[in-house]
Amino acid sequence: MIEPVGQWRRPVYLFGAGHVGQAIARHLPGLPLRLCWFDTRPMFASLDGVTVVPEEDIVTCVAQAPDEAAIVILTHDHALDYRLTRAALQRPGAGFIGLIGSATKRARFVSRLAADGLDGAAPGRLTCPIGVDGITGKEPDVIAIAVLAQLLRLPQHVTEKPEKVSVLG
């Protein structure tokens, strides 16, 4: 019997530690995803896995994400969502850029991005609303599972072949 060791796990740069962010983090263990979780609010500093970053510095976290990372934006503040979305779309290599919200929020952001001079093709890389189509629940766990399913559907990035180990000796 041969079992792959060291399966590649897509980095997920999650911005927001509210109810939906916590639900995503709760359902993520065991999936081929690796969580990097950020919020600007000190009240979440005690939450396991959250890195609290000052609001004026959080955009640098987007710049530090590896190219294949999934960037998921669901903060408590539309202005912060916009800054993070803009920073993510200015990066050429993000594996996924997702923003929580409605089609109306997407239209407002796309209009504002155009007014700010962002390349016209960039908004085509933005997924908003996030989650697998057809799942309409608004509960944090429902949204979380729909988003994680969407991330699992992304093409796998393979930098090298996984090491194979025989468990029979």
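The values are calculated or read from the model by the stated rules, or taken from the named source; none is laboratory data. Note that the coordinates shown come from a computational prediction; the quantities given were computed from them, not determined experimentally. Ideal geometry is used to build each Cβ from the backbone, glycine not excepted, and the neighbour counts take in all protein chains shown. Surface areas here come from the heavy atoms of the whole protein model, side chains and all, with no ligands, DNA or RNA. Shrake-Rupley method; radii C 1.70, N 1.55, O 1.52, S 1.80 Å.
Just to be sure, is VAL12 open to solvent by less than 20 Å² (accessible area, probe 1.4 Å) and over 10 Å from the mean Cα position of the chain (by Cα)?
For VAL12, the condition - open to solvent by less than 20 Å² (accessible area, probe 1.4 Å) and over 10 Å from the mean Cα position of the chain (by Cα) - is not met.
Let me spell it out: the conditions are (1) open to solvent by 60 Å² or more (accessible area, probe 1.4 Å); (2) farther than 28 Å from PHE109 by Cα; (3) free of Cβ contacts under 8 Å to residues at least 40 places away in the same chain, and HIS27 meets all of them except one. Which number is the exception?
(3)
Among (1) in a helix (DSSP H, G or I); (2) free of Cβ contacts under 8 Å to residues at least 24 places away in the same chain, where does ALA63 come up short?
In the conditions (1) in a helix (DSSP H, G or I); (2) free of Cβ contacts under 8 Å to residues at least 24 places away in the same chain, ALA63 misses (2) alone.
Can you pull out every residue in region 77-107 that is exposed (fewer than 14 other Cβ atoms within 10 Å of the Cβ), of a type outside the set (A, V, I, L, M, F, W, C) and either touching an Asp or Glu at 6+ places or on another chain (Cβ under 6 Å) or assigned to a helix (DSSP H, G or I) (or both)?
Answer for region 77-107, where residues must be exposed (fewer than 14 other Cβ atoms within 10 Å of the Cβ), of a type outside the set (A, V, I, L, M, F, W, C) and either touching an Asp or Glu at 6+ places or on another chain (Cβ under 6 Å) or assigned to a helix (DSSP H, G or I) (or both): HIS78, GLY93, THR104.
Within region 30-60, restricting attention to residues that are assigned to a loop (DSSP other than H, G, I, E, B) and within 19 Å of LEU151 (Cβ to Cβ), which residue is most open to solvent (accessible area, probe 1.4 Å)?
GLY30
Looking at VAL142, VAL72, which one is surrounded by fewer than 18 Cβ atoms within 10 Å (Cβ to Cβ) and closer than 20 Å to LEU28 by Cα?
Only one candidate qualifies: VAL142.
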